[in-house]
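One structure is given below, encoded as structure tokens.
The values are calculated or read from the model by the stated rules, or taken from the named source; none is laboratory data. Note that the structure is a prediction, hence the values are computed from the model and not measured. Positions of Cβ are backbone-derived with ideal geometry, glycine not excepted, and every protein chain shown enters the neighbour counts. What goes into the accessible areas is simple: the full protein's heavy atoms, side chains included, and nothing from ligands, DNA or RNA. Shrake-Rupley method; radii C 1.70, N 1.55, O 1.52, S 1.80 Å.
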Amino acid sequence: MNIVDIRQQFPILDQEVNGKPLVYLDSSATSQKPLKVIEAVEKYYREINSNVHRGVHTLGTRATDAYEGAREKVRKFINAKSTQEVIFTRGTTTSINTVAASYAAANLKEGDEIVITYMEHHSNIIPWQQVARRTGAQLKYIPLQEDGTISLEDVRATVTPNTKIVSVMQVSNVLGVINPVKEIAQIAHENGAVMVVDGAQSAPHMKIDVQDLDCDFLAFSGHKMCGPTGIGVLYGKKHLLEKMEPIEFGGEMIDFVQLYESTWKELPWKFEGGTPIIAGAVGLGAAIDFLNEVGLDNIAEHEHKLAAYALEKMSTVEGMTIYGPLDPAKRAGLITFNLADVHPHDVATVLDAEGIAVRAGHHCAQPLMRWLKASATARASFYLYNTEEDIDKLVEGLVKTKEYFSDVF
Ligand code: 7TS
């Protein structure tokens with residue numbers, strides 16, 4: 001599929017915002033949705049909608065097949081051994097909270113350690129703070145190098161035989177760095193810890209093979225990878241998930257219910273209490289078909305080129321500070337920046353008037369913002385539908401912003 005065909009799949013891109021053609025550079029927050037996904041969700045509601053795993057009627061069977069078919073697509077997408085290892089959740093946040101509330105709460109005690117990094121998203125910090133508080137375990141941070149990357153020496157120095165959980169993002173939503181999670185998983189395992197990977201910013205953009213990474217858990221969100229909001233995935237190794245208790249109890253997840261005790265369904269359903277996110281899963285399945293059709297390697301290459309182009313062009317704007325490594329080889333497709341003393345919200349407002357959507361704020365990474373010594377930053381993030389022309393418009397917009405706030409230069 002060439003870029004014209006790809007863009008045609010995204011009807012939302014074909015509109016004017018504030019009288020200018022929309023330039024959408026906020027895909028790290030949420031991606032746009034291709035027709036394939038919109039149509040799959042519509043077809044589900046028009047033709048299939050019914051509850052799953054319950055009735056014997058035909059629509060119920062079709063809905064169950066569609067839901068479980070989506071699970072198989074996810075399994076293949078991440079190369080899990082079995083669909084029993086693929087749990088549908090609301091998104092990355094719920095997936096990480098499930099590991100913290102179920103696995104960590106049951107297995108951690110005083111003296112144990114949980115290791116994360118300074119660059120984590122709040123949803124990979126707060127669940128661990130909470131479980132550390134409840135169990136008496138200690139939360140430790142792997143420091144960052146000057147350019148925002150992680151060194152394996154620092155990982156080795158932080159992870160000890162007392163470490164029970166290591167949880168790291170594969171791609172940073174602020175620095176754009178790609179972390180060596182496979183090597184970190186190996187260090188975690190040498191110390192007897194389990195490895196959790198936050199794949200929110202990697203699963204949409206690069207091929208992930210959970211068996212090759214040898215991670216114990218992987219969390220990601222459908223809405224960042226062309227799928228609907230409200231659906232996400234928790235992958236876990238079967239032998240770990242089998243020993244874990246569900247965190248939501250009710251319909252769908254039980255086997256037998258007695259008056260005073262109950263037993264659970266087998267994996268993965270014991271973690272999917274209540275009516276599941278059926279249309280969301282169907283939409284995610286269609287998103288995976290779409291991403292496979294374009295090719296994850298092609299998407300990664302396209303974004304890599306865009307990031308290299310953006311780094312080069314944006315660096316020419318006077319007063320520009322770019323966060324994270326300047327070597328494009330170390331980065332994924334997003335660039336976080338500040339323009340002299342102009343507040344990032346002002347940058348985003350001027351760009352919005354030009355039809356350009358970027359994000360401004362702390363990007364749910366306040367500890368990292370403090371490490372960067374920035375109270376807030378602006379961020380442009382790219383996906384398969386972005387072009388060099390989008391980046392040219394961003395740079396033009398930034399020059400305009402600079403002129404607009406010329407008194408601070
Ligand atoms: N982890 C990372 C690395 C993320 O970037 C995000 C969302 C999450 C977890 C949480 O995902 P959710 O789908 O459960 O909300 N990141 C962003 C962002 O960068 N801007 O808006 C949301």
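Near Asp352, once Lys and Arg are set to +1 and Asp and Glu to -1 for all other residues with Cβ below 15 Å from its Cβ, the sum equals -1. Using Cα-Cα distances under 8 Å and only pairs 6 or more residues apart, what relative contact order does the chain have, in percent? Once normalised by length, the contact order is 22 percent. Think of a 1.4 Å ball rolled over the protein heavy atoms: the chain then has 43 Å² of accessible area per residue. All other residues whose Cβ lies under 12 angstrom from that of Val210 are scored, Lys and Arg at +1 and Asp and Glu at -1, for a net of +2. Taking θ as phi - 60° and the Karplus parameters 6.51, -1.76 and 1.60, the scalar couplings of segment 248-265 work out to 10, 10, x, x, 6, 9, 9, 9, 10, 10, 9, 5, 10, 7, 9, 10, 9, 5 Hz in sequence order, x denoting glycine and proline.
Within the listed set Pro276, Pro161, Pro246, the residue fluctuating most in the Gaussian network model of the chain (springs between alpha-carbon atoms under 10 angstrom) is Pro161.
Taking θ as phi - 60° and the Karplus parameters 6.51, -1.76 and 1.60, the scalar couplings of segment 155-165 work out to 5, 4, 6, 8, 7, 10, x, 7, 6, 10, 9 Hz in sequence order, x denoting glycine and proline. Classified by the C-alpha gyration tensor, the chain has an oblate form. Its axis ratio a/c, with a ≥ b ≥ c, is 1.5 or above, and a/b does not exceed b/c. By accessible area, using a 1.4 Å probe on protein heavy atoms only, segment 296-372 has 49% of its surface on carbon and sulfur.
Segment Thr30..Met1, full-extension length gain: 8.2 nm, with 0.36 nm per residue of separation and the alpha-carbon distance subtracted.
Largest GNM mean-square fluctuation across His189, His57, His239, computed for the chain with C-alpha springs under 10 Å, falls on His57. Among the protein heavy atoms of segment 57-194, carbon and sulfur supply 47% of the accessible surface, probe 1.4 Å, non-protein parts ignored.
Entry note, the chain: the mean residue ellipticity at 222 nm calculated from DSSP H runs of n ≥ 4, each adding -39500 (n - 2.57), is -11000 deg cm²/dmol after division by the residues and rounding to the nearest 500. Report, for the chain, the % of DSSP beta bridges that are antiparallel, rounded to 5. Within the chain, antiparallel bridges account for around 60 percent of the total. Panel note: the C-alpha atoms of segment 95-148, placed on their principal axes, show extents of 37, 25, 13 Å (largest first). Couplings for segment 24-32, taken from phi via the Karplus curve 6.51 cos²θ - 1.76 cosθ + 1.60 with θ = phi - 60°, read 9, 10, 9, 6, 5, 6, 7, 8, 7 Hz in order; Gly and Pro are left as x. Rounded to the nearest 20, the size of the Cβ-charge dipole of the chain about its Cα centre is 840 debye, with Lys and Arg at +1 and Asp and Glu at -1.
Each part reduced to its alpha carbon centroid, segment 338-409 and segment 159-193 end up 30 Å apart. Rounded if a/c is under 1.5, else prolate if a/b is larger than b/c, else oblate: which is segment 236-362, with a ≥ b ≥ c the root eigenvalues of its Cα gyration tensor? Taking the square roots of the gyration eigenvalues as a ≥ b ≥ c, segment 236-362 is prolate.
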